[in-house]
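A.B. asks: Would you mind keeping the following structure in view while I ask a few things?
Throughout, read-outs are computed from the coordinates displayed, never taken from laboratory work. Note that the structure is a prediction, hence the values are computed from the model and not measured. Cβ placement follows ideal geometry from the backbone for every residue including glycine, while neighbour counts extend to all protein chains displayed.
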Amino acid sequence: MAAPTEQITLYTAKICPYAQRTEIALAEAGVDYTRFEIDLGNKPEWYASKINPASKPTAAPVPASQPSPLSTKLAESLVLLEFLSDIHPTIPSLLPRDPVKRARARFFIDAVSTKFVPAFYKFQVLGEKEAVGGLMEGVESVMRLLPSLEGKAEGENGIKEGQGGQEIDPGPFVLGPNFSIADAAIAPFALRWELSLSNDIGAYEEGEGMRGLGSIWRL
Ligand SMILES: N[C@@H](CCC(=O)N[C@@H](CS)C(=O)NCC(=O)O)C(=O)O
């Protein structure tokens, strides 16, 4: 089997938060790759047929800098995060070895994808004011899973413990002190939300961004 890491070409777009997930993970892993910017408003005619059949300008690492028919094409940001951690199993900053921590990362990513991102899109991008309830629920679902906020008790020795009595690292990342693909999954969206809140972009009344929703995000 050919080594999948020989050469990676990343078809990406600066403005795409999904593509940025992969760029963040590649940077954290310290992996060399060729970056190919796709203009979302003017995609190359060969892109859909030769790189990504869905024509989604998300990131696609392939083992060639040109869209060769012999290269492997992969798409979907969350699939790509898993792929990078598979081909770099010795880089613990992508996905730790501990099966419990791996499950926690995946559980968090699932909450981001099913609860936060769809609501974020409706409220923030489409400007649907009535979606604010869903957005708040989405934010809370994700935040509840952060180590510093998760339902936990202070042990006798001052060490924070989770429901199963296991030690919980305080952060600053999703799994504790170390970055993982769970952070890459939410970072591009969280940063966009933060920027929107502080600049009154989206479905907020003027001045309400930071005062209301922003205060929760910064807990
Ligand atoms: N589920 C995909 C979503 C990718 C996606 O929707 N990308 C947007 C750009 S940010 C897109 O391709 N929109 C359609 C288009 O521009 O033609 C992933 O996670 O990679």
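A.B. asks: Near the amide H of T9, under 5 Å away, which other amide H atoms are found, from residues 5 or more places off or on another chain, if H is placed in the peptide plane?
C.D. replies: The list, which skips near neighbours in sequence, is T34, V62, A64.
A.B. asks: For the stretch 189-198, just list the computed ³J(HN,Hα) in residue order, Karplus coefficients 6.51, -1.76 and 1.60, θ = phi - 60°, integers in Hz, with x standing in for Gly and Pro.
C.D. replies: These are the phi-based 3J(HN,Hα) values: 7, 4, 5, 5, 5, 4, 5, 5, 4, 6 Hz.
A.B. asks: Let me ask something else. Quick one: which residues, 5 or more positions from G176 or on another chain, have an amide H under 5 Å from its amide H? H modelled 1.01 Å from N in the peptide plane, none for Pro or chain starts.
C.D. replies: G171
A.B. asks: Separate question: According to a simple spin-label model (label point 7 Å from Cα along Cα-to-Cβ), what is the distance in nm between I91 and E205?
C.D. replies: 4.7 nm
A.B. asks: Here's a follow-up. Calculate the spin-label point distance for K50 paired with S198, positioning each point 7 Å from the Cα along the beta-carbon direction, and give it in nanometres.
C.D. replies: 4.1 nm
A.B. asks: Could you calculate the contour length gain from E137 to A27, that is, 0.36 nm times the residue separation minus the distance between their Cα atoms, to one decimal place in nm?
C.D. replies: Details: separation 110, 0.36 × 110 = 39.60 nm, distance 3.10 nm.
Fully extending the segment from E137 to A27 adds 36.5 nm.
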